[in-house]
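The values are calculated or read from the model by the stated rules, or taken from the named source; none is laboratory data. On a predicted model such as this, the values are computed, not experimentally measured, just so you know. No Cβ is skipped: glycine too gets one built from the backbone with ideal geometry, and neighbour counts run over all protein chains shown.
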Amino acid sequence: MIITFQSDALETQVESVVQEVERSGLRAFQRFSAGRWAVAAVSGGFGRARPGLGDRLAALPGVLTVQAEQQPFVLASRAFIPETSSFELGAVQVGSPDLLLIAGPCSVESRSQLIETALAVKEAGAHALRGGAFKPRTSPYSFQGLGEAGLELLSEARELCGLPVVTEVMTHEDVPFVARYADVLQIGARNMQNSPLLHAAGESQKPVLLKRGMSATIEEMLFAAEYILSHGNFRVMVCERGIRTFESLTRNTTDINAIPVVQSLSHLPVLLDPSHSTGSWEFVTAIARAGVAAGADGLIIEVHPHPEQALSDGAQSLKPERFAELVRQVRGIAAWMGRKC
Ligand code: PEP
Ligand code: MN
């Protein structure tokens, strides 16, 4: 249930609604967006509110509308928060006219590989450094990441280049530990519906980059985001990273549709990962351009100084000079879209 308020409603009137919602056994979240307060009333997991709540709320002073949810995810919906949600990450305001550029290696492999990449992507215009220390690989015999040593290297790279760090966390037990190093917790495609992990990422109150599962619908991705939001952690970005289709000439199929569809349903910033969605470095720049033209709030791109030697995802990794060219091209489209980058 979403309760909206008149534009001149007092905070005490909002507070009365929150109390009435909580008395009825539901949880209440309040946000100010687009010039008005709104309260979202969600179930605590034990079913529905007592009957008559909607009528009681509608009669309270300051209340404009009481709506049943139009979408099954409430906190992620634009009906609750009409404006795209925005938060600071390093020098960028995510979800604003700023276009967020995250770049770096698929995996942290060594000090020299990471530092060289970090300095190069910073120089080219990236706003955040990516790099996996815990890698969810398809084969158990593939490189699984450096673990804590990789996190230490990411901290060192952040010190050196001044970019915030985005890194994947794979289990709920690891969240507090990875959160000590990361500026943004990445939840990967393979873990999109891992509910203990989503709960833990929500509890951490760290920004989260949630990637779409390779066979997940857009709605399922927004439900996964809802888990994180339900802990009061609203610093969440969702990321289209390609879905499984019958096409075999690319690793995945970029669902460009997901960008405007997410934006129509949800206030969450939406990023595109053309590295995983194509699987081949030759196609990454073209699809990055398409994503920005479709309105993406940011890009996440894999970059490696020597892709042929990469321990993971070399085939889709751009050399630093190619990343610099991608940034030049994307800036032109961003400017045309009225965005800064
Ligand atoms: C990655 O970002 O390196 C990664 C493993 O991505 P995904 O979860 O989208 O496959
Ligand atoms: Mn990768």
Exercise. Condition test on Glu173, is it under 17 Å from Gly202 (Cβ atoms), in contact with a Phe, Trp or Tyr (Cβ under 7 Å, 6 or more places away or on another chain) and either hydrophobic (A, V, I, L, M, F, W, C) or modelled with pLDDT of 95 or more (or both)?
Worked result: no
Problem set entry | Cβ pairs under 8 Å, 6+ apart, first in segment 121-141 and away from ligand 2 (no atom under 16 Å from the Cβ), second among the basic types (Lys, Arg) | Gly125/Arg331
Exercise. Which ones in segment 123-144 are more than 20 Å from the chain's Cα centre (by Cα) and either β-branched (Val, Ile, Thr) or surrounded by 24 or more Cβ atoms within 10 Å (Cβ to Cβ) (or both)?
Worked result: Thr138
Problem set entry | strands (runs of 3 or more DSSP E) enclosed by segment 95-170 - at least 1 residues per element that are in contact with a strand residue (DSSP E or B) (Cβ under 8 Å, 6 or more places away or on another chain), within 12 Å of ligand 1 (Cβ to nearest atom) and aliphatic (A, V, I, L, M) | 100-104, 165-168
Exercise. Out of segment 151-192, which residues are aliphatic (A, V, I, L, M) and touching a residue at least 60 places away in the same chain (Cβ under 8 Å)?
Worked result: Leu163, Val166, Val184, Ala189
Problem set entry | Pick from segment 237-286, criterion under 21 Å from Ala34 (Cβ atoms), among the aliphatic types (A, V, I, L, M) and in contact (Cβ under 8 Å) with a residue 60 or more places away in the chain, ranking: nearest to ligand 2 (Cβ to nearest atom) | Met237
Exercise. Do we have any residue at all in segment 193-204 that's among the acidic types (Asp, Glu) and either in contact with a helix residue (DSSP H, G or I) (Cβ under 7 Å, 6 or more places away or on another chain) or in contact (Cβ under 8 Å) with a residue 60 or more places away in the chain (or both)?
Worked result: no
Exercise. Just checking, how many residues over segment 92-108 are small (Gly, Ala, Ser), farther than 15 Å from Val262 by Cβ and either at pLDDT 95 or above or touching a Leu at 6+ places or on another chain (Cβ under 8 Å) (or both)?
Worked result: 3
For this session: Go through the residues of segment 78-85 one by one and say whether even a single one is of a type in the set (Val, Ile, Thr) and more than 16 Å from ligand 2 (Cβ to nearest atom).
Result: yes
For this session: Determine whether segment 225-246 contains at least one residue that is in the same structural domain as Ala189 (by TED's automatic domain parsing), more than 16 Å from ligand 1 (Cβ to nearest atom) and closer than 19 Å to Leu326 by Cα.
Result: no
